[in-house]
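> A single structure is presented below for examination.
The values are calculated or read from the model by the stated rules, or taken from the named source; none is laboratory data. From a predicted model like this one, the values you see are computed outputs, not experimental measurements. Positions of Cβ are generated from backbone atoms using ideal geometry, with glycine treated the same way; all protein chains shown enter the neighbour counts. When the accessible area is computed, the model is the full protein with side chains, heavy atoms only, and any ligands, DNA or RNA have been set aside. Shrake-Rupley method; radii C 1.70, N 1.55, O 1.52, S 1.80 Å.
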Amino acid sequence: MKIDFDKNNDGLVPAIIQDATTKNVLMLGYMNAEAFAKTEETKNVTFYSRSKKRLWTKGEESGNFLKLVAIKNDCDNDSLLVSVNPIGPTCHTGTDTCWSEKNTSNFGFLSELESVIEQRRTSSDSSKSYVASLFEKGINKIAQKVGEEAVETVIEAMDANDELFLYESADLLFHYLMLLQAKGFTLKDIEAELLKRHK
């Protein structure tokens, strides 16, 4: 990997730290050639501290190390994307990230949909909300709906109408998200189970 440490007068390049699993950005630091070499050697992310004027391994005092997974160079060879497995919170203030955000998985619109289902399950009038009415009928009814939608998805999978297949697939996933919540789980729990199997 060719890194242009000479592009800036101080010999430093920015290093964006990203959680290898959640893909959340945790912090920004700076590396010189020596910090980069030590990071690769020890597999603990090491920076050059501009305030301390020395190498600084994240976690050397707190124990909250950033365990190296991979390093990528950008198209200009002057900034790094460092994938890590964080041990504990990343920020010195005790938060998960230096932007005071939780370092949890986000599944885009599916995470938003989970929140909508939760809100309607707990706060909506069952006479006006399909989700609330289904939860009111209990877990057996929700499970039955998942079974029905699964059968309809399988039937459409064997036909040539892709539009109907996607429609039924969306119905299946929507009802499955409700079933997860009825059982006290979320997509994060499914992700954790799949990650266990991936090893």
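> When the residues of the stretch 125-137 are narrowed to those that are in a helix (DSSP H, G or I) and open to solvent by 90 Å² or more (accessible area, probe 1.4 Å), which ends up farthest from V25 (Cα to Cα)?
Checked the stretch 125-137; the qualifying residue farthest from V25 (Cα to Cα) is K137.
> Kindly list the number of the only condition in (1) closer than 22 Å to T104 by Cα; (2) assigned to a helix (DSSP H, G or I); (3) of a type outside the set (F, W, Y); (4) open to solvent by 40 Å² or more (accessible area, probe 1.4 Å) that fails for L179.
(4)
> Those residues that are among the basic types (K, R) and at pLDDT below 95, I need them from the stretch 154-196; list them, please.
K188, K196
> Going by the conditions given, is M27 open to solvent by 60 Å² or more (accessible area, probe 1.4 Å), touching a residue at least 40 places away in the same chain (Cβ under 8 Å) and either assigned to a helix (DSSP H, G or I) or among the aliphatic types (A, V, I, L, M) (or both)?
So M27 does not fit the description; no.
> If you don't mind, there's one more thing I want to ask. Within the stretch 101-113, can one find any residue that is touching a residue at least 40 places away in the same chain (Cβ under 8 Å), surrounded by 12 or more Cβ atoms within 10 Å (Cβ to Cβ), touching a strand residue (DSSP E or B) at 6+ places or on another chain (Cβ under 6 Å) and assigned to a loop (DSSP other than H, G, I, E, B)?
There is at least one residue in the stretch 101-113 that is touching a residue at least 40 places away in the same chain (Cβ under 8 Å), surrounded by 12 or more Cβ atoms within 10 Å (Cβ to Cβ), touching a strand residue (DSSP E or B) at 6+ places or on another chain (Cβ under 6 Å) and assigned to a loop (DSSP other than H, G, I, E, B).
> Still on this structure, I have one more. Which one is surrounded by the fewest Cβ atoms within 10 Å (Cβ to Cβ), of the residues in the stretch 58-82 that are over 24 Å from the mean Cα position of the chain (by Cα) and within 15 Å of A15 (Cα to Cα)?
C75
> Still on this model: On the basis of being of a type in the set (D, E), farther than 30 Å from L187 by Cβ, modelled with pLDDT of 95 or more and touching a Ser or Thr at 6+ places or on another chain (Cβ under 9 Å), does E34 make the cut?
Yes: the conditions hold for E34.
> Being assigned to a helix (DSSP H, G or I), over 30 Å from Q18 (Cβ atoms), open to solvent by 40 Å² or more (accessible area, probe 1.4 Å) and not basic (K, R) is true for just one of T122, T153. Which residue is that?
Only one candidate passes the filter, namely T122.
> Still on this structure, I have one more. Scan the stretch 85-100 and tell me whether some residue there is modelled with pLDDT of 95 or more, buried (at least 19 other Cβ atoms within 10 Å of the Cβ), touching a Lys or Arg at 6+ places or on another chain (Cβ under 6 Å) and not in a strand (DSSP E or B).
Yes, the stretch 85-100 has at least one match.
> Of (1) closer than 16 Å to P89 by Cβ; (2) modelled with pLDDT of 95 or more, E60 satisfies all except one. Which?
Unmet condition: (2).
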